[in-house]
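What follows is a set of notes on a single structure, which appears directly below.
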Amino acid sequence: MAPSIILLILLPLFGLQMMLVAKPTPQCCPLTGNVVKEAHHLLKTMGEPKFPLHCRPVNANISFPDSTLPTTAANRSQCPRVLWVVYKSLEGMWLTYEEHELPVGDGGVNWDEKKLDDFFNLQYRLQDEGRCLPSDVEASGLLSSYFSNVTAVIEQQDSAACGWEALRRDVIWVLKSTQQIHRSCFNLSHAHCKNH
């Protein structure tokens, strides 16, 4: 067999192999706005509407670093940071919940268990969606410090419920403010996700 015939046979096979290897990868989708909105609603309505008065002294120890979010409507270049803060806030709340017992009953929080379960189910979905978000080193340090402060308060028996209420209040604020100010950063549905 002549080398040119072998080449003619192998060339299409090689081209087919290259097409299979170079298949497009899915584009990373932003967090779904409707899911964030529902998570906000559940978190907001699962407990008392106002921050408990007896917990106000905890405010000195726990203050969400609002500098992690842009204060004006985000342009497209700010969206990764906005989405990352939402993602990390939800992740931090989940990890805190996993590592520390939620105090219930007298002296504890009175959160609706069904809404809490529904919230964490939505949160799990948002965590899955947000895995592809790029890290933000500056905001990461601020959030790490914040969650350390929350954990320190939660670990104290007499202030654990207040720590949880502060965490809930702050995540509500993150979800609300990002939906209001940075609405354009969220997808309304998964329909916007495309392949490259």
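Here is the figure for region 92-131: residues that are closer than 24 Å to Leu142 by Cα, surrounded by 12 or more Cβ atoms within 10 Å (Cβ to Cβ) and charged (D, E, K, R) total 1. Only one of the numbered conditions (1) within 22 Å of Asn187 (Cα to Cα); (2) over 15 Å from the mean Cα position of the chain (by Cα); (3) assigned to a helix (DSSP H, G or I); (4) at pLDDT below 90 is violated by Ser77, and that is (3).
Going by what's in this entry, would Leu42 be described as under 19 Å from Gln179 (Cα atoms) and either surrounded by 11 or more Cβ atoms within 10 Å (Cβ to Cβ) or aliphatic (A, V, I, L, M) (or both)?
Working: under 19 Å from Gln179 (Cα atoms): yes; either surrounded by 11 or more Cβ atoms within 10 Å (Cβ to Cβ) or aliphatic (A, V, I, L, M) (or both): yes.
Taking the combined requirement at face value, the residue satisfies it.
The condition (being among the small types (Gly, Ala, Ser), under 22 Å from Val35 (Cα atoms), at pLDDT below 80 and out of contact with any Leu (no Cβ under 9 Å at 6 or more places or on another chain)) is satisfied by just one residue among Ser135, Ser140: Ser135. Search region 70-81 for residues that are touching a residue at least 24 places away in the same chain (Cβ under 8 Å) and closer than 12 Å to Ile181 by Cα and pair each with any residue that is of a type in the set (Phe, Trp, Tyr) and assigned to a loop (DSSP other than H, G, I, E, B) when their beta-carbon atoms are under 9 Å apart and the residues are at least 6 apart or on different chains. Listed pairs, sorted by first residue: Cys79/Phe186.
The values are calculated or read from the model by the stated rules, or taken from the named source; none is laboratory data. The model shown is predicted, which means the values in this text are computed figures rather than measured ones. Here the Cβ is made from the backbone with ideal geometry for all residues, glycine too, and neighbour counts use every protein chain on show.
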